[in-house]
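K.L.:
Dumping the structure here so I can ask a few things about it.
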Amino acid sequence: MALQGRCSANHAIALTTILVFVLLHVKASQATTFMVGDSSGWTFNINNWASGKKFKAGDKLVFKYNPSFHNVVAIDEDGYNGCSTASPSSKVYSTGNDAVKLLKGHNYFICGVPGHCDMGLKIRVNAS
């Protein structure tokens, strides 16, 4: 009888240990949602917003803005550097409340309204 009790206790400890590891892994792998520009939203002079933040692939960026004045264009590095939406890989968002999932590596976003990117309405995010 005592032997059966020890086996049950060992199984309980093993199951508890496995459960703790699974819960920690799930917590660590959950995506985080970031509001671009914080309370100001997607607006001018935002290009340093990502500084000091840690992003992971799968995290979401939410862009809030007035769609009558702005949009969001997911763009490649050349488009980001040149403030150009001409890239065939660009994707335009225009709802005013856009959620974009980050890919691993560099992610680039600009406002496609003429002149806005040149005035600082762009961000670069690196997701690990």
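The values are calculated or read from the model by the stated rules, or taken from the named source; none is laboratory data. All figures in this text were calculated on a predicted structure; none of them were measured in a lab. Note: accessible area is taken over every heavy atom of the protein model, side chains too, but ligands, DNA and RNA are not part of it. Shrake-Rupley method; radii C 1.70, N 1.55, O 1.52, S 1.80 Å.
K.L.:
May I ask you to list the aspartates and glutamates whose Cα is less than 16 Å away from that of residue 101, ignoring any residue fewer than eight positions away on the same chain?
P.N.:
Partners within reach: 59, 76.
K.L.:
What list of ³J(HN,Hα) couplings, whole Hz, do you get for the range 86-103 from phi and the Karplus terms 6.51, -1.76, 1.60, once you set θ to phi - 60° and write x for glycine and proline?
P.N.:
6, 5, x, 8, 6, 10, 9, 10, 8, 7, x, 8, 9, 10, 10, 7, 6, 9
K.L.:
Moving to a separate point now. At a 1.4 Å probe radius, carbon and sulfur cover how many percent of the accessible area of the range 32-81?
P.N.:
Working: 1200 of 2710 Å².
Answer for the range 32-81 is 44 percent, counting heavy atoms of protein chains only.
K.L.:
Give me the accessible area per residue for the range 58-128, probe 1.4 Å, as a whole number in Å².
P.N.:
On the way: 3670 Å² over 71 residues.
Heavy-atom accessible area per residue stands at 52 Å².
K.L.:
Give the carbon-plus-sulfur fraction of the accessible surface of the range 88-128 in %, rounded to a whole number; probe 1.4 Å, heavy atoms of protein chains only. Please report the intermediate quantities before stating the final value.
P.N.:
Details: 1210 of 2270 Å².
With neighbouring chains kept in place, the figure for the range 88-128 is 53 percent.
K.L.:
Ratio to report: Rg/Rh of the range 33-127, with Cα atoms as the point set and Rh obtained by the Kirkwood method; give two decimals.
P.N.:
Working: Rg = 11.8 Å, Rh = 12.9 Å.
With Rh from the inverse mean 1/r over Cα pairs, Rg/Rh is 0.91.
K.L.:
Next question. Enumerate the amide H contacts of residue 34 below 5 Å, restricted to partners 5 or more residues apart or on another chain; note that Pro and chain-start residues carry no placed amide H.
P.N.:
Amide H neighbours of residue 34, under 5 Å, 5+ apart: 60, 61, 62.
K.L.:
For the range 31-79 and the range 104-124, what is the separation of their C-alpha centers, rounded to whole Å?
P.N.:
9
K.L.:
Could you rank 85, 95 by how accessible they are, 1.4 Å probe, largest area first? Before the final figure, lay out each step's value.
P.N.:
Values: 85 65, 95 95 Å².
I get 95, 85, largest accessible area first.
K.L.:
Here's another thing I want to ask about it. Amide H neighbours of residue 55 under 5 Å, counting only residues 5+ apart in sequence or on other chains, H built in-plane at 1.01 Å?
P.N.:
Residues meeting the amide H criterion: 128.
K.L.:
Please turn the phi angles of the range 47-54 into ³J(HN,Hα) values with the Karplus equation 6.51 cos²θ - 1.76 cosθ + 1.60 (θ = phi - 60°), one per residue in order, whole Hz, x for glycine and proline.
P.N.:
4, 9, 4, 6, 4, x, 9, 10
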